[in-house]
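The next block holds one structure in the form of structure tokens; read it before the comments.
The values are calculated or read from the model by the stated rules, or taken from the named source; none is laboratory data. Not measured: the values here are computed from a predicted model. Virtual Cβ from ideal backbone geometry, glycine too; neighbours counted across all protein chains shown.
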Amino acid sequence: MSILKVRDLNVHYGGIHALKGVSLDVPEGTIVTLIGANGAGKTTTLRAITGLARASSGSIEFRGRDISSVSPHEIVRLGISMAAEGRRIFYNLTVLENLMMGAYHRQDTEEVKKDLEWISGVLFPRLRERFSQKGGTLSGGEQQMLAVGRALMSRPKLLCLDEPSLGLAPLLVQEVFRVLSEIHDEGCTILLVEQNAKAALKIADYGYVLRGGTITMHGTGEELLADERVRKAYLGEGE
Amino acid sequence: MSDKSRKTILTIILIGFLFVLAWLAERCLDEYVMRVVRTGLIYVIAAVGYNLINGIAGQFSLGPNGFMALGGYMVALLMLPLDQKKFVWFLQPLIWPFNAFSFSKPFFPLAVALGGVAGALGALIVGIPSLRLRGDYLAIATFGFSQIIIVLANNLIPITNGALGIKGIPEYADIYRCLGWAIVAVLIISNLANSSYGRAMKSVRDDEVAAEAMGIPVFRIKLLAFVVSGFFAGVAGGLMASLITTVSPNLFSFSMTFNLLIIIVLGGLGSITGSAVTAFAFALISEVLRFVESPMTIGPIHIPGIAGMRMLVFSLLLVLLMIFYRRGLFGKREISWDWVFARFGKITGKGAEAWSHKTERS
């Protein structure tokens, strides 16, 4: 069962045709990854799914409902949340306030507390130590953890992550991917956009390769990892 | 007793103390000084409201003088006695319904509240189109709208009596009413700022796109801040109309917004208590500085009185303050009970401990 179905999605930025008929499926309970070079349309795809960019044509169906013209804050309510590229945490709010903003629309206080406990206690213990610190004073890695934690606070059915490993030290990249598989084990569906194709394909059930605004290849993580063309173009391996 | 209820009781005691202080001041200080104090309190209301939209929600509005004008004219139209109304509108008659009634003294707070409603409605009408803009564009749009309100005040003679203004408004804005409204403004706005709405406003200020991606209805949150801010601008305008007893388009010119902007930047964008303290100080200092405009003889040099000298000294003070306190006097900090406990913690050791624990991390 696909939780998210994108069909023939086109997005224009002014005169630029950024996405040219992208179709993809995210089955429930899986990790699906989008890989591709800079400017291939990965971020645009995520922005269209979360409502931050408007589709000029095509459909985005989330749990059987078309969301291509729903406003971003309604989409969060429906169960999609995103940790955007470049972290985008709230610099002048404390770490705790940042996390609570993720649960802004939720009324179930008790459940929010449980999620806070899980995110700051189990997933990212580092955040717990820094609860009353301003978001802007965190290190890059901690900010990334906060961004992922904040996105999880809405208890999403689909978590979209845009380049979670960007600009992080190798050890922290490992940490982020460890946490992703932990979140996945809890039953959360993940749509992951990455430039670090190798790490992404390793944990992904299925992958799509974007190039110039269209999907040029798709297959299971292992298939793509083994594919000659993918290895050459995105994994940086020679003959 | 819980920490929260203890703070509530302390707040109530403080409010009582302020009213006692006002009672004493009215008996001991002369009429001139009391006028300055009342003006200061009115500035507090306007500045605290202005800080909500500019400092807390981070939307650079240049409109408060327009909303103050709406409140001022509203109170003038409601409070002016009927015979005075006939006397003032001698060129063109005042339109219905304002020519048919006028409020008596007990209804003055209602008139001020309606002045606030006028400001809030104005903000709603201005906000719906202009809050979709950001940064400089929003500033220009709100500036334009406030100018439109002033132009309307100059030309809608059947309502505003044009450039001649409205005179003879009863002076009901006494120290207690000004203080009462100032307390209401500070309490409502600080509670709002500390609620989940307030956090949403701050997150919109920090990163609008991220806030939107978090599920915050960004436009509605900005509009809420703008309308509440417009309400208190209207209240301040209404009290000012009654304090000065006349309103005219000149009273609410752009320099009013400019003064408020100075106050909130000086007090610290985002600090409510900061802008309250600064607003009061601003009114006092601009009166105290009047002496530099009077003729002076320093030794052999005789200086004739120079009008505007006050603003020169003021600007110099501002430049110095901005060099040494770049984020304003208070930054984003607040004078809260926690802060007081920490400062004077020897009396209540427990509060101080909790505070130092907190500040260590921030």
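One line per residue, one yes/no per condition, for (1) in a helix (DSSP H, G or I); (2) farther than 20 Å from B:Leu192 by Cβ:
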site	(1), (2)
B:Val228	yes, no
B:Phe231	yes, no
B:Met240	yes, yes
B:Ile263	yes, no
B:Ala283	yes, yes
B:Leu289	yes, yes
B:Thr297	no, yes
B:Val313	yes, yes
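Scan the stretch A:44-74 residue by residue and report those that are under 16 Å from A:Val6 (Cα atoms), of a type in the set (S, T, N, Q) and within 11 Å of another protein chain (Cβ to nearest Cβ). Talk me through it step by step, then tell me what you get.
Just the residues of the stretch A:44-74 that are under 16 Å from A:Val6 (Cα atoms), to begin with: A:44-70.
Still in the running and of a type in the set (S, T, N, Q): A:44-45, A:50, A:56-57, A:59, A:68-69.
Residue satisfying the conditions is A:Thr50 alone.
Quick one: what pairs do we get from the stretch A:17-45, first residue more than 15 Å from A:Cys160 (Cα to Cα), second aromatic (Phe, Trp, Tyr) and assigned to a helix (DSSP H, G or I), C-beta under 8 Å, 6+ apart or different chains?
A:Gly36/A:Tyr234; A:Ala37/A:Tyr234
Given the conditions (1) within 14 Å of another protein chain (Cβ to nearest Cβ); (2) part of a helix (DSSP H, G or I); (3) out of contact with any strand residue (DSSP E or B) (no Cβ under 6 Å at 6 or more places or on another chain), and given that A:Ala147 satisfies all but one, which numbered condition is not satisfied?
(3)
I'd like to check something: does the stretch A:221-232 contain any residue that is exposed (fewer than 15 other Cβ atoms within 10 Å of the Cβ) and of a type in the set (Lys, Arg)?
The initial filter retains those residues of the stretch A:221-232 that are exposed (fewer than 15 other Cβ atoms within 10 Å of the Cβ), namely A:222-223, A:226, A:228-229, A:232.
Filter again for of a type in the set (Lys, Arg), leaving A:229, A:232.
Scanning the stretch A:221-232, I find at least one residue that is exposed (fewer than 15 other Cβ atoms within 10 Å of the Cβ) and of a type in the set (Lys, Arg), so the answer is yes.
Considering only the stretch A:30-44, how many residues are surrounded by fewer than 16 Cβ atoms within 10 Å (Cβ to Cβ) and at negative phi? Explain how you work it out, then say what you get.
Residues of the stretch A:30-44 that are surrounded by fewer than 16 Cβ atoms within 10 Å (Cβ to Cβ), as a first pass: A:37-39.
Keeping just the survivors that are at negative phi gives A:37-38.
Count: 2.
What about B:Tyr176, is it more than 30 Å from B:Phe60 (Cβ to Cβ) and either within 14 Å of another protein chain (Cβ to nearest Cβ) or in a helix (DSSP H, G or I) (or both)? Give the derivation first.
On the way: more than 30 Å from B:Phe60 (Cβ to Cβ): yes; either within 14 Å of another protein chain (Cβ to nearest Cβ) or in a helix (DSSP H, G or I) (or both): yes.
Considered against the rule, which asks whether it is more than 30 Å from B:Phe60 (Cβ to Cβ) and either within 14 Å of another protein chain (Cβ to nearest Cβ) or in a helix (DSSP H, G or I) (or both), B:Tyr176 comes out as yes.
Is it the case, given these coordinates, that A:Gly187 is under 27 Å from B:Lys202 (Cβ atoms), away from every other protein chain (no Cβ under 14 Å) and surrounded by fewer than 21 Cβ atoms within 10 Å (Cβ to Cβ)?
Details: under 27 Å from B:Lys202 (Cβ atoms): no; away from every other protein chain (no Cβ under 14 Å): yes; surrounded by fewer than 21 Cβ atoms within 10 Å (Cβ to Cβ): yes.
It is false that A:Gly187 is under 27 Å from B:Lys202 (Cβ atoms), away from every other protein chain (no Cβ under 14 Å) and surrounded by fewer than 21 Cβ atoms within 10 Å (Cβ to Cβ).
Taking the stretch B:240-266 only, how many residues are hydroxyl-bearing (Ser, Thr, Tyr) and surrounded by 19 or more Cβ atoms within 10 Å (Cβ to Cβ)?
Quick first cut of the stretch B:240-266, residues hydroxyl-bearing (Ser, Thr, Tyr) only: B:242, B:245-246, B:248, B:253, B:255, B:257.
When the remaining residues are screened for being surrounded by 19 or more Cβ atoms within 10 Å (Cβ to Cβ), the result is B:242, B:248, B:257.
Total satisfying the criteria: 3.
Would you pick out the residues in the stretch B:198-226 that are at the interface with another protein chain (Cβ under 7 Å from one of its Cβ atoms) and either not in a helix (DSSP H, G or I) or not charged (D, E, K, R) (or both)?
B:Ala200, B:Ser203, B:Asp207, B:Val209, B:Ala210, B:Ala213, B:Met214, B:Gly215, B:Ile216, B:Pro217
Yes or no, residue by residue, for (1) within 28 Å of B:Phe17 (Cβ to Cβ); (2) within 14 Å of the chain's Cα centre (by Cα):
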residue	(1), (2)
B:Lys167	no, no
B:Ala173	yes, no
B:Leu179	yes, yes
B:Ala185	yes, yes
B:Asn194	yes, no
B:Tyr197	no, no
B:Val218	no, no
B:Ile221	no, no
B:Gly234	no, yes
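For B:Leu62, which of the numbered conditions (1) modelled with pLDDT under 95; (2) under 25 Å from B:Phe280 (Cβ atoms); (3) assigned to a helix (DSSP H, G or I) fails to hold?
All conditions are met except number (3).
Does the stretch B:127-139 hold any residues that are free of Cβ contacts under 8 Å to residues at least 12 places away in the same chain and either assigned to a helix (DSSP H, G or I) or within 10 Å of B:Gly66 (Cα to Cα) (or both), and which are they? Even if it seems obvious, please write down each step before you answer.
Here is the first cut: in the stretch B:127-139, the ones free of Cβ contacts under 8 Å to residues at least 12 places away in the same chain are B:133, B:137.
Answer for the stretch B:127-139, where residues must be free of Cβ contacts under 8 Å to residues at least 12 places away in the same chain and either assigned to a helix (DSSP H, G or I) or within 10 Å of B:Gly66 (Cα to Cα) (or both): just B:Tyr137.
Please list, ordered by first then second residue, the pairs with beta carbon atoms under 7 Å, 6 or more apart or interchain, first in the stretch A:97-108 and within 7 Å of another protein chain (Cβ to nearest Cβ), second crowded, with 22+ Cβ neighbours inside 10 Å and of a type in the set (Phe, Trp, Tyr).
Short answer, once both residue conditions are applied: A:Met101/A:Phe90.
So, in the stretch B:186-197, of the ones that are within 14 Å of another protein chain (Cβ to nearest Cβ) and over 17 Å from A:His73 (Cα atoms), which residue ends up surrounded by the most Cβ atoms within 10 Å (Cβ to Cβ)? Write out each step before concluding.
Step one: list which residues in the stretch B:186-197 are within 14 Å of another protein chain (Cβ to nearest Cβ), which gives B:193-197.
Add one more test, that the residue is over 17 Å from A:His73 (Cα atoms), and what stays is B:193-195.
Numbers: B:Ala193: 23, B:Asn194: 13, B:Ser195: 11.
Filtering first and then ranking leaves B:Ala193.
Restricting attention to the stretch A:124-139, report how many residues are surrounded by fewer than 19 Cβ atoms within 10 Å (Cβ to Cβ) and either touching a residue at least 40 places away in the same chain (Cβ under 8 Å) or within 13 Å of chain B (Cβ to nearest Cβ) (or both). Lay out the reasoning, then the answer.
Looking only at the stretch A:124-139, we keep the residues that are surrounded by fewer than 19 Cβ atoms within 10 Å (Cβ to Cβ), and these are A:125-126, A:128-129, A:131-133, A:136-137, A:139.
From what is left, the residues that are either touching a residue at least 40 places away in the same chain (Cβ under 8 Å) or within 13 Å of chain B (Cβ to nearest Cβ) (or both) are A:128-129, A:131-133, A:136-137.
Count: 7.
Among the residues of the stretch B:213-226, count how many are buried (at least 23 other Cβ atoms within 10 Å of the Cβ), among the hydrophobic types (A, V, I, L, M, F, W, C) and over 12 Å from B:Tyr197 (Cα atoms).
Residues in the stretch B:213-226 being buried (at least 23 other Cβ atoms within 10 Å of the Cβ), among the hydrophobic types (A, V, I, L, M, F, W, C) and over 12 Å from B:Tyr197 (Cα atoms): 3 in total.
For (1) modelled with pLDDT under 80; (2) charged (D, E, K, R); (3) loosely packed, with under 13 Cβ neighbours inside 10 Å, each residue gets a yes or a no:
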residue	(1), (2), (3)
B:Gly270	no, no, no
B:Val277	no, no, no
B:Ile285	no, no, no
B:Glu293	yes, yes, no
B:Pro304	yes, no, yes
B:Leu320	no, no, yes
B:Tyr325	no, no, no
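Quick one: A:Leu158 ticks every box in (1) more than 14 Å from chain B (Cβ to nearest Cβ); (2) over 20 Å from A:Met100 (Cβ atoms) bar one, so which box is it?
The single condition A:Leu158 does not satisfy is (1).
Just the residues that are surrounded by fewer than 13 Cβ atoms within 10 Å (Cβ to Cβ) and under 16 Å from A:Glu142 (Cβ atoms), please, taken from the stretch A:158-174. Before the answer, list the steps.
As a first pass, look at the stretch A:158-174 and keep what is surrounded by fewer than 13 Cβ atoms within 10 Å (Cβ to Cβ): A:169-171.
The answer is A:Ala169, A:Leu171.
Just the residues that are assigned to a strand (DSSP E or B) and in contact with a Lys or Arg (Cβ under 9 Å, 6 or more places away or on another chain), please, taken from the stretch A:159-173. Before you say what the answer is, go through the steps one by one.
Let us first name the residues in the stretch A:159-173 that are assigned to a strand (DSSP E or B), namely A:159-162.
Matches in the stretch A:159-173: A:Asp162 only.
Taking the stretch A:75-96 as the search range and keeping residues that are within 8 Å of another protein chain (Cβ to nearest Cβ) and surrounded by fewer than 19 Cβ atoms within 10 Å (Cβ to Cβ), which one is nearest to A:Pro27 (Cα to Cα)?
Selected residue: A:Arg77.
Which members of the stretch A:109-123 meet the condition of being within 14 Å of chain B (Cβ to nearest Cβ) and either within 24 Å of the chain's Cα centre (by Cα) or touching a residue at least 60 places away in the same chain (Cβ under 8 Å) (or both)? Show your work before the answer.
First, the residues of the stretch A:109-123 that are within 14 Å of chain B (Cβ to nearest Cβ): A:109, A:112.
Listed by number, the list holds a single entry, A:Val112.
For the stretch A:180-197, indicate whether the set of residues that are over 29 Å from A:Gly79 (Cβ atoms) and not polar (S, T, N, Q) is non-empty. Can you show your working first?
Of the residues in the stretch A:180-197, the ones over 29 Å from A:Gly79 (Cβ atoms) are none.
Checking the stretch A:180-197: not a single residue is over 29 Å from A:Gly79 (Cβ atoms) and not polar (S, T, N, Q).
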